[in-house]
């Protein structure tokens, strides 16, 4: 068995090798629902960063007090509390964005990335490892969301962050900002990520067999 | 004995109970500190829109930082129709001298996808529409959500309220008609329906209120 990953390893793994969106396929509800423009995708990623960081640290702090059969209840409680705080904060300081995201901020409570990280990492590891794991996974999630949002926004509206980048002649493909566009974009991106990973793995295998 | 003690729910669940209490307390604190800000956001949103709806000037020219030329006070108009009880929030805008310069009334109704909530500006006699703003809609992006665009909303400016407004496919000809959005006829018609219903309900009470206030001034 390999040694437990260290804090920097936990951080790096979350970004690409164990990317929550493309490699673990977790948290797909917000991935499909709020990626029709960059701004809401990044706000969602920021909210997830806050919740995941706080929840991981909190769970890691109480990990020795947890009763195994009551751990999920405790995780859910911790997550729900921080999600409610983020929801209120957005409503107070980013009112229009909070209206745009609507129910998807409260729905972070059921985001599998967060409860997954609490279970896999935070409930067993030290606070430092849990914190770096949370940041790494959130950055990975942010990359996943913004890559989809980038293609959807630019093809669907010709804009990025609300500023026009494509020439006016571009006929906006409205379907890309509608729900089907989320499935198209995510499917194609996921396919290309898998293709690249497979190619890398085969080339490593070939090189090893050459030796 | 120790076994019984160990099975006691307090021994098993004390952490969960403690977490509930701690988080409950902290959420209360968050709610208490932030709810005034959130309420102010909601109120500001409407207050910022009202001057543009009531004044005759172009609604595109409203500056977010602009000071209110009017004092705005809300009240409710209730109407009882076919056994259905409806209540409209109406904002009364008064100028510096205390004369009523217009009304902004809020209404909501079913659109194509979801509820549409709008704010309608009326002149003091409630005979003419001075502006329209869509507060909330979840219509199809790229089609129905064009009801929020200034270009489409400005068609309602200056329309008389004595006749029902209708959305027409293609080009509007008559005075009480507006162009429906291509590909979003249902959304366009829904907005007209919401406006027509509300105007019918609130016109008489608003007229009465205007007369009262003129009377008071004398």
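The numbers here are math on the coordinates, done by the rules we state, and not lab data. Note that the coordinates shown come from a computational prediction; the quantities given were computed from them, not determined experimentally. Cβ atoms come from the backbone with ideal geometry, glycine included; neighbour counts cover every protein chain shown.
Listed values, structure above:
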| quantity | calculated |
| --- | --- |
| Separation in nanometres of the label points that stand 7 Å from Cα toward Cβ, at residue A:61 and residue B:29 | 1.1 nm |
| Calculated FRET value between residue A:194 and residue B:217, using beta carbons and R₀ = 56 Å, to 0.05 | 0.15 |
| Computed E for residue A:127/residue A:169 - FRET, C-beta separation, R0 41 angstrom, nearest 0.05 | 0.15 |
| Anisotropy class of the protein assembly as shown from Cα gyration tensor, a/c 1.5 cut | oblate |
| Difference of contour (0.36 nm per residue) and Cα-Cα distance, residue B:9 to residue B:97 | 24.8 nm |
| Residue A:210-residue A:99 pseudo-label distance in nm [points 7 Å out on the Cα-to-Cβ vector] | 6.0 nm |
| C-alpha center-to-center spacing [the range A:83-123, the range A:177-211] in angstrom | 29 Å |
| Calculated FRET efficiency for the pair residue B:108/residue B:128, C-beta based, R₀ 25 Å, to 0.05 | 0.65 |
| Gaussian network model of chain B, springs between alpha carbon atoms under 10 Å - residue of B:200, B:121, B:131 with greatest fluctuation | B:200 |
| Top of A:76, A:21, A:43 by mean-square fluctuation, Gaussian network on chain A, Cα under 10 Å | A:76 |
| Mean-position separation - Cα centroids, the range B:116-158 and the range B:18-32, in angstrom | 41 Å |
| Inter-label distance for residue B:89 and residue A:183, nm, one decimal - labels placed 7 Å from Cα along Cα-to-Cβ | 3.8 nm |
